[in-house]
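For reference, the structure is listed below as structure tokens.
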Amino acid sequence: MAIFRCNTCGHIREVGSDYIGKTVKCPKCDHVTVIHDTIAFLKALIHKHLNQGKELKALQKQLSPKNASDNPAEDLLLEEIDIHNTSALSQSSQLEPIIQWFKKRQITPQAHPEMVDTTGFFDEIALSLGDNIETLGFVSSQIKYIQNKGYANVKLDLSRKSPEEIRTIRKFCKDLHDYSFVAKYFYIKKDNIIRLTLQEAPKIKAFFNGIWMEWFTLMKMLEFFSTQKITPSCARGLNISFRNGTSNELDLFFLLEEKIPICIECKTGEFRHDINKYLSLRKQLNIDKSQFILCVFGLSAEQAQGMTSMYDITFVNEKNLINHIQTLFP
């Protein structure tokens, strides 16, 4: 097999061996790129990685202990990294303040560092979906419905969609294919139909079953913190166990200055039966109401405001989440 990788935008996909050596335009940015043999490309990549590792070790030896930071987490500046393509957030030094915050409260945390690694394409697709949920929600709902039925093929009828909606849906579905979220993508122009063949990978299924909301929220929060030059510790899918034997999974947890927590739970559809659970969890964690947030996708602003007045947790939707977060930083 051969591999196509754009050096400009980073787009990557596998193609047939007969394309090796050919020069083609990137389907994402039109930059001209040569297609390489997969094995040769990987060997070159590994060689480069090994050389960089040697250079890093040499530089580390040159560092004086007096100049080295006592807290490695402080070395990470969010505004200086590409938050859409980094493994820095999954480093143990980044997660350690969160781990200690819970341990001081006699709560046992279990972090999953890989869940904040943004080097894949989950964040890009989640942002595209969340930012255009009015148009693309129908696509994700169909995919979720079909995959939960155990089928592999999705048919999207675009005959009642506007030209602008069709362009948005077609681009999104093509991105799903380019990023391997679906195995096949066909647009039948004469019938105005898109056909998709779904992937069976558990992570892809989980993404369309709701995990995309966590990715969307994570990236919106990171974008905000980056613009504000704030570097929090962050975790996704954090499991916590209390001394009484109860346990919970936190969708998103941020810790600022090692002492200011922000907990965000992402929901859609029917969420009301979980309100009491979240009220109890907020009290157990002893987090201020404004910092324990239930982000309900599709909830109206009026409903969010009204329910926030009624309960001791904060309700927001995907559109006004960051507006609320800004109020925490006057």
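Using a Gaussian network for the chain with springs between C-alpha atoms less than 10 Å apart, which of these wobbles most: Leu136, Leu156, Leu238? Sorting by GNM fluctuation, first place goes to Leu156. Computed from the C-beta positions of Asp191 and Ser280, the FRET efficiency with R₀ = 45 Å rounds to 0.30.
Among Ile188, Ile81, what is the fewest-to-most ranking by other Cβ atoms within 10 Å?
Sorted ascending by nearby Cβ count, the order is Ile188, Ile81.
Applying the Karplus relation 6.51 cos²θ - 1.76 cosθ + 1.60 with θ = phi - 60° to region 184-189 yields 3J(HN,Hα) values of 9, 9, 9, 10, 9, 4 Hz, where x marks Gly and Pro.
Within the chain, antiparallel bridges make up roughly 80 percent of the DSSP beta bridges whose residues both belong there. Rounded to whole numbers, the Karplus 3J(HN,Hα) couplings from phi for region 223-230 are 4, 5, 4, 5, 5, 8, 6, 10 Hz, using 6.51 cos²θ - 1.76 cosθ + 1.60 with θ = phi - 60°, and x at Gly and Pro. If the chain linking Gln106 and His31 were pulled fully straight, counting 0.36 nm for each residue of separation and taking away their Cα-Cα distance, it would gain 21.6 nm.
What does the C-alpha gyration tensor say about the overall shape of region 88-165? Classify as rounded when a/c is under 1.5, otherwise prolate if a/b is larger than b/c, or oblate. The shape class here is prolate.
Of interest is the spacing of the C-alpha centroids, which for region 7-36 and region 164-201 amounts to 20 Å. Take the alpha carbon gyration tensor of the chain, find the square roots of its eigenvalues, order them as a ≥ b ≥ c, and report rounded if a/c is under 1.5; if not, report prolate when a/b exceeds b/c, else oblate. Taking the square roots of the gyration eigenvalues as a ≥ b ≥ c, the chain is oblate.
Separation of the alpha carbons by more than 18 angstrom is noted, of Lys220/Lys289; Lys205/Lys319; Lys144/Lys205; Lys22/Lys189, for Lys220/Lys289; Lys205/Lys319; Lys22/Lys189. Using alpha carbons only, how many angstrom separate the centre of region 129-161 from the centre of region 295-325? Here the two parts' Cα centres lie 26 Å apart. Partners of Lys171 within straight-line reach, counting aspartates and glutamates whose Cα lies under 19 Å from its Cα and excluding those fewer than 8 residues away in the same chain: Asp30, Asp123, Glu124, Asp131, Glu134, Asp157, Asp191.
For the options Thr314, Thr23, Thr197, a Gaussian network treatment of the chain with springs between C-alpha atoms closer than 10 Å singles out Thr23 as fluctuating the most.
Post the alpha-carbon centroid distance, region 78-98 to region 227-246, in whole angstrom. Using only Cα atoms, the two centres lie 14 Å from each other. Between Phe242, Phe207, Phe292, where does the largest GNM mean-square fluctuation fall for the chain, given springs only between Cα atoms within less than 10 Å? Of Phe242, Phe207, Phe292, the most mobile in the Gaussian network model is Phe242. Rounded to whole numbers, the Karplus 3J(HN,Hα) couplings from phi for region 157-165 are 8, 9, 5, 9, 8, 6, x, 5, 5 Hz, using 6.51 cos²θ - 1.76 cosθ + 1.60 with θ = phi - 60°, and x at Gly and Pro.
For Ala183, the residues 5 or more places off, or on other chains, whose built amide H falls under 5 Å of its own are Thr197, Leu198, Gln199.
FYI, it's all coordinate maths here, none of it is from the lab. Remember, predicted model here, so these are calculated numbers, not experimental data. When we count neighbours, we look across all protein chains shown, and the Cβ atoms used for this are built from the backbone with ideal geometry, even at glycine.
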